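The numbers here are math on the coordinates, done by the rules we state, and not lab data. Not measured: the values here are computed from a predicted model. Heads up, the Cβs are rebuilt from the backbone with ideal geometry, glycines too, and the neighbour counts pull from every protein chain shown.
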Amino acid sequence: MSANSPDRSSAAAPRALELSVVIPTFKEALNVEPLLAKLAAALTGVTWQAIFVDDDSPDGTAAVVKRVAATDPRVMCLHRVGRRGLAGAVIEGVMASAAPFVAVIDGDMQHDETLLPKMLGLLKADRADLVVGSRYLATGASGASALGQTREAGSRLANWLGRKVLHAEVTDPMSGFFMMRRELIEAVAPKLATSGFKVLFDIMASQPNPPRYIELPYQFRARVAGESKLDNGVVVQYLGLLIAKLSLDLISPRFLMFALVGASGVVVHLAILRSLLAHGFAAAQLTAALGAMTSNYLINNAVTYRDKRKRGLSLLVGYLKFVVLCSVPLAANVAVATMVYERGPTWWVAGVAGAVVAAVWNYVTTSRAVW
């Protein structure tokens, strides 16, 4: 080697990646750069990357992330099109990581990023497999106070139910702020529900052996920009997930939600049937079936398939497909119900019998062709 040749062996080797911070986003364009600044300040001395997983936000969140990523190699964007859901976004972000440890933090800056170094230190010291940021260990005012009284009460109830299913005294199994070894998530990824918001609970419940966990208190902050993605549909999804875990994943959460919606459709069906009996049973049963189909479609679109929710013209097109597919067993529905009604005086038994005939067909066909 000549005296003027660079000594490549003396060049500093790049440091191995230690931590991936997965940030699921939807309409968080205003929060991207402030959050990155906070992460950079908190993770001084750590080799980290931020993986934003954006569900095709209409406010251009993905474009903001990509603009930053063009000059900052620590930042990457997974821009998802045609699918939504925080749980699915987290799973995809983790699967894209090569770091031994992954953290999940919201893009709304309500979580305390200054806890990340302590979380990482506990994992690297092998004191835990999972470190959870808990809203319910904070001293003084409630760590979850930024949720508001109603949502905080609902969150506490959800946590209580989660502890019963997990058989673990974790105070915040619904937390969206945690860090763990990447391989623990990868090992159970095929079992995880991609819809819903309660991904930590799902990860913990899916482990073949209970993970060692430590909880750290933090104060849940008020949102500064953007808007909350939580609504009442999340409650139904969570209940479906709880039941699925109690069944050892033999029943999918989506099927359970579809069944719950179907049960509400039975109530709609019977109400319409009862009100129209004076016009003849067959006509009343037909009208009731159509009314229940309409109700089921709208609720399923809002809750069961919220990650694939249809709007505008696609909502109408989806409804027409739903009605056509559900009309295939409609003749059998009416025939069975009429037969039962003619053999006995109990009208509601006849109505239920007809509704049950079409249930399985409706789930299988609409899940494939409509959503």
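Note on Thr287 and Ser314: the model spin-label points, each 7 Å out from Cα along the C-beta direction, lie 3.5 nm apart. Annotation for Arg67 and Leu298: the two label points, set 7 Å from Cα along the Cα-Cβ direction, are 4.0 nm apart. For Phe178, nonlocal amide neighbours, meaning residues 5 or more places apart or on other chains whose placed amide H falls under 5 Å from its own, are Val104, Gly133.
Tell me, in nm to one decimal, what length is gained between Val324 and Glu342 on full extension, where the rule is 0.36 nm per residue of separation less the Cα-Cα distance?
Working: separation 18, 0.36 × 18 = 6.48 nm, distance 2.77 nm.
Residue separation times 0.36 nm, minus the Cα-Cα distance, leaves 3.7 nm.
Were the residues from Ala263 through Leu30 laid out at 0.36 nm apart, the gain over their Cα-Cα distance would be 79.7 nm. Counted by Cβ distance under 11 Å from Tyr213, the other residues give a net charge of -2, where Lys and Arg count +1 and Asp and Glu count -1. Label-to-label distance, Asn209 versus Ala369, with points set 7 angstrom from Cα along the beta-carbon direction: 4.8 nm. Computed from phi, the 3J(HN,Hα) profile of the stretch 94-101 under the Karplus parametrisation 6.51, -1.76, 1.60 (θ = phi - 60°) reads 5, 5, 8, 8, 10, 6, x, 10 Hz, with x in place of Gly and Pro. In this structure the amide hydrogen of Ala50, modeled in the peptide plane, comes within under 5 Å of the amide hydrogens of Val21, Val75, Met76, none closer than 5 places in sequence on its chain. Counted residue by residue at 0.36 nm each, then reduced by the alpha carbon distance between them, the extension gain from Lys124 to Met95 reaches 8.4 nm.
Please work out how many pairs of lysine residues in the stretch 1-130 are eight or more positions apart (or on different chains) and have Cα atoms closer than 27 angstrom.
5
Summary of packing: across the peptides 299-309, 34-44, 90-100, the per-residue average of other C-beta atoms within 10 Å ranks them, highest first, as 299-309, 90-100, 34-44.
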